[in-house]
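What follows is a set of notes on a single structure, which appears directly below.
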Amino acid sequence: MNYEERAEFILKIAQTIKELGGQCPGWSHDNEEINIGVGVEWDEDYSKTKEIMEKLQDRYGGEIQYHEYWESEGFISVSQASLIIKL
């Protein structure tokens, strides 16, 4: 997969995340893998995050990693996860 194909694939996944009710705060990619960040506001028990991640994994494959719940005074709290897809 060349650079342009990876970029298109990432945008497709980001759109899927949005359609499922999450957000894609960032991503990275190289010749070996794509790492997509996923966040869901006010999902402290990670129920919506897990639902989104399982659907993404079913659709695109990859490994799911869950990260610490992000909270900071004055900001909206966000659950965090990543989907790592080996190329």
Of everything in the range 20-57, what is of a type in the set (D, E, K, R), free of Cβ contacts under 8 Å to residues at least 24 places away in the same chain and touching a helix residue (DSSP H, G or I) at 6+ places or on another chain (Cβ under 9 Å)? Give them in sequence order. D30
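Condition check: more than 25 Å from Y3 (Cα to Cα), part of a helix (DSSP H, G or I), within 12 Å of the chain's Cα centre (by Cα) and modelled with pLDDT of 95 or more. Does I17 satisfy that?
no
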Kindly establish whether Y60 is touching a residue at least 12 places away in the same chain (Cβ under 8 Å), aromatic (F, W, Y) and touching a helix residue (DSSP H, G or I) at 6+ places or on another chain (Cβ under 7 Å). yes
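Consider the range 1-19. How many of its residues are of a type in the set (A, V, I, L, M, F, W, C), open to solvent by less than 100 Å² (accessible area, probe 1.4 Å) and touching a residue at least 24 places away in the same chain (Cβ under 8 Å)?
4
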Quick one: would you say I84 is surrounded by fewer than 18 Cβ atoms within 10 Å (Cβ to Cβ), in a strand (DSSP E or B) and touching an Asp or Glu at 6+ places or on another chain (Cβ under 8 Å)? yes
So, in the range 20-44, how many residues would count as being under 15 Å from E4 (Cα atoms), open to solvent by less than 90 Å² (accessible area, probe 1.4 Å) and assigned to a strand (DSSP E or B)? 4
Filter the range 63-87 for residues that are in contact (Cβ under 8 Å) with a residue 24 or more places away in the chain, under 12 Å from the mean Cα position of the chain (by Cα) and closer than 17 Å to I10 by Cβ and give the result. A81, S82, L83, I84, I85
Scan the range 52-81 for residues that are part of a strand (DSSP E or B), within 29 Å of N2 (Cβ to Cβ) and open to solvent by less than 50 Å² (accessible area, probe 1.4 Å) and jot them down. I64, A81
Failed criterion for T49 (all others in (1) out of contact with any Asp or Glu (no Cβ under 6 Å at 6 or more places or on another chain); (2) crowded, with 16+ Cβ neighbours inside 10 Å hold): (1)
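The values are calculated or read from the model by the stated rules, or taken from the named source; none is laboratory data. For clarity, every value in this text was computed on a predicted model and none was experimentally measured. As a convention, Cβ positions derive from the backbone with ideal geometry for all residues, glycine included, and neighbour counts pool all protein chains shown. Calculation scope for accessible area: heavy atoms of the full protein, side chains included, ligands and nucleic acids excluded. Shrake-Rupley method; radii C 1.70, N 1.55, O 1.52, S 1.80 Å.
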